[in-house]
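Following: one structure in structure tokens, then a few remarks.
The values are calculated or read from the model by the stated rules, or taken from the named source; none is laboratory data. Everything numeric here is computed off the predicted structure, so don't read it as measured data. Glycine gets a Cβ as well: all are built from the backbone with ideal geometry, and neighbour counts include every protein chain shown.
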Amino acid sequence: MTSHKKIRFFIIQLSGLSDVLQSLMALKAIKQLYPEIEIHLLVRECFSDTVKRIKWIEKSVFLPAHHNLETQSIHDFAEWIAPLTQTAWDFVVNWTYSESSSYLAALIPGYIKIGYTRQKNGQLFSPEGWSHYIQAVVQRDEEKNKIEQNIHITDILTTQVLTALQIHVGEPTNPGATAVTGKDFFEFKIDENKIGLSPKDYSKKWICVEPLSKPSQWELHNWERLVSLIKKDHPECLIFILGDEKIGNDFDTRAFLISKSHWVISESLATLHLACVFGTRSLYLSHGKKYWRENGPYGNGHYVLHADQAENLTVESVYLLWAYGYQEWAHQRHVSLKEFSLKIGLSEEFSAVQPYRTKIRTIQDGGGVYYEPLLLSPVGIQAWLSQVMGHIARSWYCGWAPQIGQELHRQNLNPDLIKFLRELEESVEVLRKIFEEAKNASLAMSVKYAQLPSEKLMKISDRDEIQALGNKLKDLDELAARLGQTHLPLLAFSHMKKVLMHNIRGQDLKTQGQEGAEIYEQLLLGLGILKDWVVFSLRLSKPMVVQNISQETPIISITTKKRILNPDLL
């Protein structure tokens with residue numbers, strides 16, 4: 001494949017509307033860098049109104065509503081899928097990331113496959129690095145063992161495909177300076193008279209709010225009070241209630257209003273991502289176990305207000321954060337959120353909620369979207385770990401990463417975290433020794449198999465030596481798994497090891513041993529970064545005078561070695 005001909009992409013995205021919109025943002029960025037890409041997109045039929053309005057997609061394919069990948073046999077899809085299997089695609093990308101969709105990805109022929117697919121023996125297979133990470137870390141949703149990470153799904157999808165394109169096609173021909181988002185992202189037509197707009201309405205600043213009817217969401221009377229506060233203090237604003245009888249729920253009307261609005265306030269990620277696509281600023285009301293660092297609003301200047309429970313989101317805290325963002329042009333963020341609250345006479349406490357503002361990092365700072373806290377608050381174990389996991393993943397699969405601790409402040413460190421890190425430091429060293437031994441055992445097994453005239457015929461002494469190495473690897477893996485159950489950060493390495501080992505490509509035991517050693521080398525690189533984070537954080541927690549005395553050696557000692565997409569594995 002070269003950059004002088006069309007590159008045919010078939011994208012499988014059978015998840016919800018929020019995931020479809022995130023995928024579209026990633027595809028737009030990729031299309032700008034590689035204009036020769038021809039995109040064919042498979043989505044569920046219920047989202048046809050959305051993707052039909054995108055002019056830069058070559059063709060859209062819709063999974064009929066009566067088909068259900070989760071419950072139906074793949075034979076039921078044979079007639080429907082047949083036209084897609086007639087020719088091989090250059091790239092088949094499965095962004096659904098479900099086990100059922102992997103069968104569909106396996107049936108569609110492609111020279112290069114990305115995302116979940118199936119091997120010839122029917123086993124689930126992830127052919128490249130970011131898919132390993134999604135399977136091992138992002139999709140883990142155990143009640144107690146979920147490992148949070150702070151790389152946005154849009155950044156993962158974009159980097160995943162761009163890496164493959166650089167390997168198989170070459171560097172992009174287009175620098176991609178044009179903004180990905182914009183008011184022209186979709187093409188749609190709207191009869192403005194049906195909404196009841198008058199000419200004077202266009203002189204106002206539009207705001208869309210979206211109350212949801214589910215019992216677990218923010219209650220309706222809170223939305224009513226919020227709207228009243230905005231109208232009272234800002235008569236220049238015109239507020240639209242998305243989903244009410246007057247506006248309706250058709251895509252064209254919603255897209256028109258959101259694209260023309262200055263702000264969108266909602267609990268719905270799909271609505272927020274639609275706002276992000278248009279470049280409309282948004283305030284996301286997040287509560288409960290929602291991993292908004294992975295799939296929250298994407299872009300510069302969006303806001304997130306997160307609480308453990310919906311009832312902790314007071315009307316005053318929501319209004320205050322919106323007003324702070326709304327008047328950002330005036331205070332230029334030289335005024336803190338607390339100072340701003342006193343200035344407008346609303347001294348709301350943020351003890352039960354956490355406000356954030358989004359910004360896009362530069363490549364030198366690690367790239368991707370970052371949720372900047374607007375108030376200093378103690379960093380918990382999960383929040384600390386999310387920064388570490390993001391750093392490790394970027395080092396593994398991007399080749400660039402931010403400096404250790406660049407978004408960690410001494411004021412955020414609390415005694416509980418410090419105690420945890422002191423205990424973790426010793427466990428990291430233990431796991432490092434386990435992986436070192438496992439790497440050496442894998443290499444020894446590979447060398448031993450290379451020396452054999454046949455894998456089927458061998459001396460008893462050779463068999464005993466190989467069996468001893470196998471038993472040693474098994475014991476070391478069990479030790480690593482038990483250590484992971486003791487310390488949550490180490491559990492990520494246990495998950496990654498299982499996924500990486502499952503996706504080994506080697507057909508003979510010699511090659512499998514070599515790949516196993518490479519896997520342990522990758523895990524050791526990640527452990528080195530984790531250790532550097534622990535050392536940095538513990539040193540940061542010391543009083544400044546002590547830090548200056550003890551700072552005789554550099555804090556950061558990570559290597560530049562990385563394991564990215566291997567062309568042979570695609």
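See the values below:
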read-out	value
Filter result (touching a residue at least 40 places away in the same chain (Cβ under 8 Å), farther than 23 Å from Val264 by Cα and buried (at least 18 other Cβ atoms within 10 Å of the Cβ)) within the stretch 323-379	Gly366, Gly367
Failed condition for Gly366, given (1) assigned by TED's automatic domain parsing to the domain that holds Cys237; (2) among the small types (Gly, Ala, Ser); (3) at pLDDT below 90; (4) on the phi < 0 side of the Ramachandran plot	(4)
Enumeration of residues in the stretch 60-80 that are within 18 Å of Val92 (Cβ to Cβ) and within 26 Å of the chain's Cα centre (by Cα)	Ser60, Val61, Phe62, Leu63, Leu69
Among (1) small (Gly, Ala, Ser); (2) in a strand (DSSP E or B); (3) closer than 22 Å to Leu500 by Cα - the single one Ser60 does not satisfy	(3)
Residues of the stretch 169-209 that turn out to be modelled with pLDDT under 80, in a loop (DSSP other than H, G, I, E, B) and surrounded by fewer than 14 Cβ atoms within 10 Å (Cβ to Cβ), as a count	7
Set Lys214, Lys260, Lys246, Lys231: member being out of contact with any Asp or Glu (no Cβ under 8 Å at 6 or more places or on another chain) and within 18 Å of Thr181 (Cβ to Cβ)	Lys260
Residue among Lys498, Lys542, Lys531 that is at pLDDT 95 or above and either surrounded by 14 or more Cβ atoms within 10 Å (Cβ to Cβ) or within 23 Å of the chain's Cα centre (by Cα) (or both)	Lys531
Residue match in the stretch 242-263 (condition: touching a His at 6+ places or on another chain (Cβ under 9 Å) and either basic (Lys, Arg) or in the same structural domain as Lys200 (by TED's automatic domain parsing) (or both))	no
Among the candidates His273, His287, residue that is in contact (Cβ under 8 Å) with a residue 40 or more places away in the chain and more than 22 Å from Val20 (Cβ to Cβ)	His287
Hits in the stretch 121-165 (condition: more than 17 Å from the chain's Cα centre (by Cα) and under 19 Å from Met25 (Cα atoms))	Ala164, Leu165
Among (1) surrounded by 22 or more Cβ atoms within 10 Å (Cβ to Cβ); (2) over 18 Å from the mean Cα position of the chain (by Cα); (3) outside any helix (DSSP H, G or I), the one test that Tyr298 misses	(2)
Subset of the stretch 308-357 that is assigned to a helix (DSSP H, G or I) and polar (S, T, N, Q) - its residue that is farthest from the chain's Cα centre (by Cα)	Ser341
Scope the stretch 358-389; condition part of a strand (DSSP E or B) and of a type outside the set (D, E, K, R); matching residues	Thr358, Ile360, Val369, Tyr370, Tyr371, Pro373
Residue in the stretch 68-75 that is within 22 Å of Thr50 (Cα to Cα), modelled with pLDDT under 80 and assigned by TED's automatic domain parsing to the domain that holds Asp19 present	yes
Asp19 being assigned to a strand (DSSP E or B), crowded, with 18+ Cβ neighbours inside 10 Å and either among the acidic types (Asp, Glu) or modelled with pLDDT under 85 (or both)	no
All positions within the stretch 249-292 that are of a type in the set (Ser, Thr, Tyr), under 22 Å from Ile360 (Cβ atoms) and crowded, with 20+ Cβ neighbours inside 10 Å	Ser259, Ser261, Ser266, Thr271, Thr280, Ser282, Tyr284, Ser286
Check on Ile151, part of a loop (DSSP other than H, G, I, E, B) and within 30 Å of Lys359 (Cβ to Cβ)	yes
Checking Ile239 against (1) exposed (fewer than 11 other Cβ atoms within 10 Å of the Cβ); (2) in a strand (DSSP E or B), the condition it does not meet	(1)
Cβ-Cβ under 6 Å pairs, at least 6 apart or on other chains, the stretch 299-322 side assigned by TED's automatic domain parsing to the domain that holds Ala275, far side of a type in the set (Asp, Glu) and in a loop (DSSP other than H, G, I, E, B)	Glu316/Glu348; Ser317/Glu348; Leu320/Glu348
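A quick yes/no check of all residues on (1) outside the structural domain of Gly513 (by TED's automatic domain parsing); (2) in contact (Cβ under 8 Å) with a residue 60 or more places away in the chain; (3) part of a helix (DSSP H, G or I); (4) within 25 Å of the chain's Cα centre (by Cα):
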{"position": "His391", "(1), (2), (3), (4)": "yes, yes, yes, yes"}
{"position": "Gly405", "(1), (2), (3), (4)": "yes, yes, no, yes"}
{"position": "Ser442", "(1), (2), (3), (4)": "no, yes, yes, no"}
{"position": "Glu465", "(1), (2), (3), (4)": "no, no, yes, no"}
{"position": "Ala468", "(1), (2), (3), (4)": "no, no, yes, no"}
{"position": "Asp477", "(1), (2), (3), (4)": "no, no, yes, no"}
{"position": "Ala480", "(1), (2), (3), (4)": "no, no, yes, no"}
